[in-house]
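Following: one structure in structure tokens, then a few remarks.
The values are calculated or read from the model by the stated rules, or taken from the named source; none is laboratory data. From a predicted model like this one, the values you see are computed outputs, not experimental measurements. As a convention, Cβ positions derive from the backbone with ideal geometry for all residues, glycine included, and neighbour counts pool all protein chains shown. Please note that ligands, DNA and RNA were not included when accessible areas were found on the heavy atoms of the full protein model with its side chains. Shrake-Rupley method; radii C 1.70, N 1.55, O 1.52, S 1.80 Å.
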Amino acid sequence: MDARSQALLEFPLVRERLAAATSFAPSRRLAEALEPASDPVIVARQLDETDQARSLLEDRPGLGVGAAHDIGPSIERAARGGRLDAAQFLELAETLDATARLATSLADERRPLLRDLGRELHALPAIRSTLARSFDPVGEMLDTASPRLGGLRAAVRVAYDRLRRRLDALVGAELGNALQEPIVTLRNGRYVVPVKAEARARVKGIVHDASGSGQTLFIEPLVAVELGNAWREAQLAEQDEIARILDELSALVGANAAALRETLDALARFDLWAAKASLAADMDGTRAETADRPEVILLSARHPGLTGTVVPIDIRIGDGYTALVVTGPNTGGKTVTLRTLGLLSLMHQSGLHIPAAAGSRLPVWRDVFADIGDEQSVAQSLSTFSGHLRRITSIVAEAGRGTLVLLDELGAGTDPTEGSALAQALLDHFIRAGAIVAATTHYAELKAYAHTTPGASNAAVEFDIETLSPTYRLTIGLPGGSQAFAIAERLGLPEAIVDDARSRLTEAQRSFEATLAAIKATEGETSEALDRALAAEARAADALRTAAEERRKARSERDEHVRAARLEADRVVEDLRAELAETRRALERETVTAGALDAAVNRAEAIAARLPAVEDGVEPVPTPSDPRQWQVGDRARSRSGGWEGRIAAMDKGGLRATLEAGGMRVLVDLADLEPALGRPSPTLESAGGAAGTNATALRLDRARSVASSLDLRGARVEEALEALGRYLDDASLAGIDAVTVVHGSGTGALRDAVREAVATHPLVRSARPGERGEGGDGATIVSL
């Protein structure tokens with residue numbers, strides 16, 4: 001977008017504020033390079049970045065890149081095979097630690113852009129642990145950096161101790177008065193003693209230095225040379241190992257250069273997003289809605305460069321008019337209005353929140369052009385008018401649909417008649433070209449032009465005559481006056497001079513000013529009435545929204561209750577079906593007692609009791625159910641006759657079945673049948689009611705607790721025979737005619753023992769192997 005216009009609108013100052021909010025150099029460079037985009041997709045993405053970063057920082061204040069450094073140069077040096085120093089490794093370690101903390105915070109992030117950014121952060125735990133093992137917090141290499149380094153440093157210390165002890169012994173006793181001072185000092189990396197020049201012959205050794213006066217020679221005694229050499233050799237070995245370790249660590253960094261570059265880029269982008277969020281919070285900004293057509297709605301907009309008490313303004317262009325002519329006195333805020341409109345547009349297209357109220361709308365401009373300030377140049381022989389016209393000429397060549405044009409003091413700097421005519425022609429051109437244009441002026445002719453030209457509208461900055469100060473409020477639809485005569489009177493200019501000035505106005509000029517005043521008064525009244533109507537409409541809309549929301553909540557609660565009741569009913573039905581299926585399987589195995597049937601009935605009733613009650617006035621929702629598919633062998637009960645038994649046969653039409661109950665066969669309709677749930681049959685009721693003796697009561701009690709079969713599979717022979725004896729006794733007392741003993745086939749040992757036992761049992765009349773459908777040879781049918 002037009003760089004000159006960005007500078008005129010002070011967008012670089014916003015970039016500077018953004019860069020100051022960043023935490024380290026890479027993100028600062030991104031902030032300084034930020035440019036407004038003209039692609040709606042890019043603008044939306046950048047605004048989403050700011051939204052999500054602002055939301056994150058509101059949830060987790062203080063989250064950021066921490067102590068991250070600009071490790072880019074270190075990465076590139078290592079990638080080229082260069083050696084890094086301890087300070088660079090320390091910066092790498094601190095950056096990776098900050099990366100690990102940020103990646104952990106973003107791992108479970110619900111905001112998609114931040115979650116995706118977190119995946120680009122590579123903590124590289126192998127490098128982190130290696131660096132932590134190699135360097136302390138101030139960058140000194142640790143003994144644990146390699147297996148050899150600790151031993152080499154110990155050797156240096158031992159060699160040093162030997163050397164010092166020998167030199168201390170020489171100084172203390174052997175050299176005596178030959179020394180200038182009884183000390184040991186260091187020269188050229190070697191330990192020496194200060195010897196008097198006249199005593200040189202008494203101390204055999206190597207002279208490494210002399211004092212400025214020549215009176216003192218610094219000599220390394222020969223007896224200490226070998227010890228010094230050993231110390232120096234140990235130091236060199238340590239230095240070689242340190243160099244090898246640095247090369248090895250540098251190669252490790254170089255091998256991970258791609259991951260480190262991606263991590264540094266992700267850290268920089270996150271810090272830029274955080275800086276955008278911080279700037280938005282400082283400005284109390286909001287995200288402007290992106291308009292899909294050239295229309296501007298700025299509500300309570302504030303110029304971000306103003307300090308102190310800032311009066312917000314509303315700016316509307318594009319709905320019914322595409323040209324806005326702003327008039328009013330000097331220092332009233334006309335130029336600030338243009339700068340606010342232009343700068344907020346550039347901020348919006350840079351992905352920044354703008355200092356305006358919610359509900360503001362801005363389109364994505366193809367370009368923004370501005371001619372603000374004095375273009376006068378002595379060096380280029382340009383007057384004020386020529387400078388403005390040169391700038392406007394370049395704007396005319398570029399402006400069109402989708403562009404915003406801002407012109408300050410249009411037509412000024414030349415003859416007023418010609419200037420106003422040129423200004424009107426320019427405004428006509430921009431309207432025809434489809435551009436959105438806002439211009440400031442003092443020309444009365446432009447006020448009339450904006451009032452009478454379709455596609456144009458007046459706007460005025462207000463001025464308080466009593467205090468001689470601007471209010472900085474912008475009123476759209478009304479022309480503004482320069483208030484020159486009123487200001488002159490308030491400032492004490494003699495009344496006669498002011499009256500003389502008024503008299504010099506032509507009749508047309510006085511009529512024009514009177515007409516403008518009448519228009520202003522009429523439109524002011526209309527505006528007040530419109531404001532009252534809009535306020536009433538807003539209250540009515542709020543009431544409608546409240547009522548609609550209450551209805552929606554009521555419907556939602558009702559639907560939720562119905563849904564929950566249906567789900568619970570479905571669960572109850574499924575539980576009942578499962579209980580019935582289990583009981584049916586038990587009946588088919590003939591292992592269900594009357595007590596077990598009673599328990600099944602109780603469980604079914606408990607399950608049915610969970611069904612939700614139907615509220616008054618709420619009809620239950622019918623649920624379709626599949627008809628029961630009856631089969632021969634099913635136990636069923638006749639609803640009309642009360643007969644209960646097994647289905648012995650079914651007719652070919654599938655409409656009727658033969659029910660076998662109590663030794664009788666009854667033909668019943670299938671529609672009259674229901675599953676038998678253990679209700680007593682008429683034969684059982686009559687049998688129970690015909691006897692009142694204790695024996696009958698005992699038999700009935702036994703009948704409720706004794707099954708019609710006994711399963712001995714898996715039992716040892718002794719245990720099986722003992723259980724068989726008890727079972728036959730109980731079955732006999734219960735009055736059961738025949739029972740089934742299931743023993744399985746297996747090796748035949750249990751089967752043979754069971755059949756031998758029942759053959760000699762006094763309560764058994766006969767016994768036979770089971771037939772097909774009765775268990776075969778794995779069961780024995782016993783008649784009592």
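Structure summary
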item	result
Total charge dipole magnitude, the chain, about the Cα centre, Cβ charges on Lys, Arg, Asp, Glu only, Debye to nearest 20	2180 debye
Karplus-derived HN-Hα couplings along the range 56-63 (A = 6.51, B = -1.76, C = 1.60, θ = phi - 60°), whole Hz, x at Gly and Pro	4, 5, 5, 6, 10, x, x, 5
Packing rank of 352-365, 530-543, 78-91, where each peptide gets the mean count of other beta carbons within 10 Å, highest leading	352-365, 78-91, 530-543
Distance histogram for the range 703-784 (every C-alpha pair counted, 5 angstrom bins, percent rounded to whole numbers)	3, 17, 30, 28, 17, 5, 1
The range 186-234 - charge dipole about Cα centre, Lys and Arg +1 at Cβ, Asp and Glu -1, debye rounded to 20	120 debye
Degrees separating the helix 257-282 axis from the principal Cα axis of the chain, which is the longest one	80 degrees
Of all accessible heavy-atom area on the range 1-93, the percent that carbon and sulfur account for (1.4 Å)	51 percent
Virtual paramagnetic centre 7 Å along Cα→Cβ of residue 484, amide N under 14 Å, in the range 437-464	442-445
Stretchable slack from residue 140 to residue 319, in nm (0.36 nm times residue separation minus alpha-carbon distance)	57.6 nm
Length released on extending from residue 211 to residue 549, taking residue separation times 0.36 nm less the Cα-Cα span	112.0 nm
At R0 = 45 Å, FRET efficiency that the Cβ-Cβ distance of residue 289 and residue 105 yields, to 0.05	0.90
Residue 745/residue 574 FRET efficiency (R0 41 Å; Cβ-Cβ; nearest 0.05)	0.60
For the chain, calculated [θ]222 nm from helices alone, where every DSSP H run of n ≥ 4 adds -39500 (n - 2.57)	-17000 deg cm²/dmol
Share of Cα-Cα pairs in the chain lying beyond 53 Å, as whole percent	59 percent
Cα lying deepest toward the dipole's positive end in the chain, options 123, 387, 400, charges on Cβ	123
The chain: relative contact order as a whole-number percent, Cα under 8 Å and 6+ apart	9 percent
Rg(Cα) / (2.2 N^0.38 Å) computed for the range 217-333, rounded to two decimals	2.53
Kirkwood-type radius of the range 49-173, with distances r between different C-alpha atoms, in Å	18.0 Å
Computed over the range 192-244, the ratio Rg/Rh where both radii use C-alpha atoms and Rh is Kirkwood	1.18
Top positive-direction residue, dipole computed over the chain with Cβ charges, set 422, 759, 632	759
Highest-first arrangement of 7-14, 432-439, where packing means the average Cβ count within 10 Å	432-439, 7-14
Relative pair counts by distance (%), Cα atoms of the range 274-432, 10 Å bins	10, 36, 34, 17, 3, 0
Accessible surface, per residue, of the range 78-125 when the full set of protein chains is kept, probe 1.4 Å, Å²	47 Å²
Ordering of 749-755, 297-303 by packing [mean C-beta count within 10 Å, highest first]	297-303, 749-755
Stretch gain in nm, segment residue 738-residue 417, where the contour uses 0.36 nm per residue and the Cα spacing is subtracted	102.8 nm
Residue 330 versus residue 708: modelled label distance in nm, points set 7 Å from Cα along the beta carbon direction	11.7 nm
Positive-end extreme of charge dipole, the chain - chosen from 533, 477, 179 (charges on Cβ)	179
Rounded accessible area per residue of the range 1-72, 1.4 Å, Å²	46 Å²
Approximate shape of the range 112-164 as ellipsoid semi-axes (Cα gyration tensor, √5λ), whole Å, largest first	41, 10, 4
Virtual spin-label span in nm between residue 529 and residue 394, 7 Å along Cα→Cβ	4.9 nm
Pairs of alpha carbons in the range 392-461 whose separation is greater than 20 Å (percent)	23 percent
